[in-house]
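**Q** The structure under discussion is supplied below as structure tokens; questions concerning it will follow.
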Amino acid sequence: MKKEFDTPERVLDEIRGLYADPDPDLETRLVRELIVHALKCRRDHLEVLDLKVLSRVMAEFRYAARVFKPYRDRRKVSIFGSARTPENDPYYLMAVDFARKLAADGFMVITGAAEGIMKAGNVGAGADASFGVNILLPFEQAPNPVIGDDPKLITFKYFFVRKLFFLMEAHAVALFPGGFGTHDEGFETMTLVQTGKAPPMPLLFMELPDEDYWESFDRFIRDQLLGRKLISERDTKLYKICKSPQEGVDYVKFFYSIYHSMRFVRDRLVIRLEKELPDAAVADLAGEFSDLVAKGTVEKRGPLHEESNEPELDDKPRLVFTLNRQSPSRLHEMIVAINEAGRGVR
């Protein structure tokens, strides 16, 4: 069987088809841009190493996006922790229980696919509710048997592409005790949410009741980063220490109890909701978070015209306002307040 693009003629035919439409849709325009950027690499006479990296990144991204695409209607939680945690360790058992409870509530999990906490996440959720995003390393990173033969296992060469999918596809992140990589992912998540480069999401620090692994980490952040005014007080609300699997699952469910998702339409922020909030609750939110509103106020709206490419969300109530983007951490607080305001709403 021949491959899709097995001859130059087939490639040229595909390109001609892309440029035949005088009024292309957004998808076609973006594919055209990718072709132009590829040609510019040749025009700019980039080094062979640069071209190799670009080519591999494009291939890895395309393949991973294709694997995740059929599951984008399901919420996912990325689980991080040490690959060296043995299976009789209390944290391993905690991770199994946490992932099992997530899967029972309809969530999927994303792990690094290796041993330790990563395997525990896959064991708890089961293969059907698991993704594995593996990395090519000379040690520690062979895929675990739960996800090893699953089509939802993806193996990356580059950490930065792998990290992109860990967060781009996640609706929450849970960290168990781990080494440099675990802390790297935790700081990466906090940085992206703090700077508005990622939407608000739960960041859970999973800790056994009688331990202080993350509590000591929290003290460092408060004593050193906050104490030296390198971050703000509200930045410490971007994460939550959870002392049990159920506490972690409950917080993720709470975070998405009323809040569904968000999207920018030019200078306006559209917050999609699971349920419509009473007018009085919206007025209270507009007052409490007036510092987030650059002009006008917070309004109830239906779907905007620019959201027509997401028809599956047409039935979601919306809050729309022009966002003052100076404090993304404050937006995280607003999402929590929206969920609090929706308690008891039918």
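**Q** At a Förster radius of 25 Å, what calculated FRET efficiency corresponds to the Cβ-Cβ distance of residue 149 and residue 44, to the nearest 0.05?
**A** 0.05
**Q** Now for a separate question. Sort out for me the Cα centre separation of segment 1-54 from segment 80-132, rounded to whole Å.
**A** Spelled out, the Cα-based centre of one part sits 39 Å from the other.
**Q** Related question: 7 Å from Cα along Cα→Cβ at both residue 30 and residue 290: what's the point-to-point distance in nm?
**A** Reported label-point gap for residue 30 and residue 290 is 3.9 nm.
**Q** So which residue, out of 259, 92, 71, gets the largest mean-square fluctuation from a GNM of the chain using Cα contacts under 10 Å as springs?
**A** Top of the fluctuation ranking is 71.
**Q** If you don't mind, another one. Run the numbers for residue 5 and residue 223: contour at 0.36 nm per residue of separation, minus the present Cα-Cα distance, in nm.
**A** Numbers: separation 218, 0.36 × 218 = 78.48 nm, distance 5.78 nm.
That pair, residue 5 and residue 223, stretches by 72.7 nm at full extension.
**Q** Taking the beta-carbon count within 10 Å as an exposure proxy, list 260, 171, 305 from fewest neighbours to most.
**A** Fewest to most other Cβ atoms nearby, the residues stand as 305, 260, 171.
**Q** Across segment 1-61, how large is the tail of the calculated P(r) beyond 16 Å, expressed as a percent of all Cα pairs?
**A** Value for segment 1-61 (Cα pairs over 16 Å): 59 percent.
**Q** Continuing with this model, one more query. Once you place label points 7 Å from the Cα toward the Cβ at residue 325 and residue 184, how far apart are they in nm?
**A** Label at residue 325, label at residue 184, 2.8 nm between them.
**Q** Starting from 0.36 nm per residue, how many nanometres of slack lie between residue 262 and residue 137 once their C-alpha separation is accounted for?
**A** Extra length from residue 262 to residue 137 when fully extended: 41.4 nm.
**Q** Given a Förster distance of 25 Å, report the FRET efficiency between residue 157 and residue 37 from their Cβ-Cβ distance, rounded to the nearest 0.05.
**A** That gives a FRET efficiency of 0.75.
**Q** If neighbour count is taken as other Cβ atoms inside 10 Å, put 35, 221, 147 in order from fewest to most.
**A** 35, 221, 147
**Q** On to the next question. Relative contact order of the chain: what whole-number percent is it, with Cα pairs under 8 angstrom and at least 6 residues apart?
**A** In percent, rounded to a whole number, it is 12.
**Q** Using all alpha carbons of segment 69-187, what is the percent of pairwise distances in each 10 Å bin, ordered from the shortest bin to the longest?
**A** All Cα pairs considered, the percentages come to 15, 54, 29, 2.
**Q** While we're looking at this one, here's another question. Can you give the extra length, in nm with one decimal, that the chain gains between residue 301 and residue 276 once fully stretched, where that is 0.36 nm per residue apart less the Cα-Cα distance?
**A** Contour length minus the Cα-Cα distance gives 8.0 nm.
**Q** Tally the DSSP beta bridges in the chain and give the antiparallel ones as a percent, rounded to 5.
**A** The antiparallel proportion sits near 45 percent.
**Q** Would you kindly compute the Cα radius of gyration of segment 13-151 and its largest Cα-Cα separation (Dmax), both in Å?
**A** In Å, with Rg to one decimal and Dmax whole: 20.1, 63.
**Q** According to a simple spin-label model (label point 7 Å from Cα along Cα-to-Cβ), what is the distance in nm between residue 59 and residue 236?
**A** 4.8 nm
**Q** Right, here's the next one. If you average 1/r over every pair of different alpha-carbon atoms in the chain and take one over that average, what Kirkwood value in Å do you get?
**A** 22.3 Å
**Q** Here is a follow-up. How big is the charge dipole of the chain about its Cα centre, in debye rounded to the nearest 20, if each Lys and Arg gets +1 on its Cβ and each Asp and Glu gets -1 on its Cβ?
**A** Roughly 660 debye for the chain.
**Q** Further question: Taking neighbour counts of Cβ atoms within 10 Å as a proxy for exposure, in what order, fewest first, do 118, 58, 206, 108 appear?
**A** 58, 108, 206, 118
**Q** Helix check for the chain. Which DSSP H runs span at least 15 Å along their own axis by Cα, with a mean Kyte-Doolittle hydropathy no less than 1.6?
**A** Working: long enough: 8-20 (18 Å, -0.36); 26-43 (25 Å, -0.02); 48-68 (30 Å, 0.70); 90-104 (21 Å, 0.51); 180-194 (21 Å, -0.31); 245-255 (16 Å, -0.34); 328-341 (20 Å, 0.14).
None pass (Cα extent of 15 Å or more, hydropathy at least 1.6).
**Q** For segment 189-312, build the charge dipole from Cβ charges (+1 Lys, Arg; -1 Asp, Glu) around the Cα centre, then report which of 261, 242, 294 sits farthest towards its positive end.
**A** In segment 189-312, that residue is 294.
**Q** Then there's this: May I ask you to give the average projected area over all directions of the convex hull of the Cα atoms of segment 259-341, in nm² rounded to one decimal? Provide the component values of the computation, followed by the final result.
**A** On the way: hull surface 19.9 nm².
Averaged projected area of segment 259-341's Cα convex hull equals 5.0 nm².
**Q** Loop only per DSSP, at most 14 neighbouring Cβ atoms within 10 Å: give me the trypsin sites (Lys or Arg not before Pro) in segment 55-101, ordered by residue number. Don't skip to the end; give the middle numbers.
**A** Numbers: sites: 56, 62, 66, 72, 74, 75, 76, 84, 100, 101; in loops: 72, 74, 75, 84.
Listed in order of number, the matching sites are 72, 74, 84.
Here, each number is a calculation from the coordinates, and none is a lab measurement. Bear in mind that the values here come from a model prediction, so they are computed numbers and not experimental data. Cβ coordinates were reconstructed from backbone atoms using ideal geometry, including for glycine residues, and neighbour counts include every protein chain displayed.
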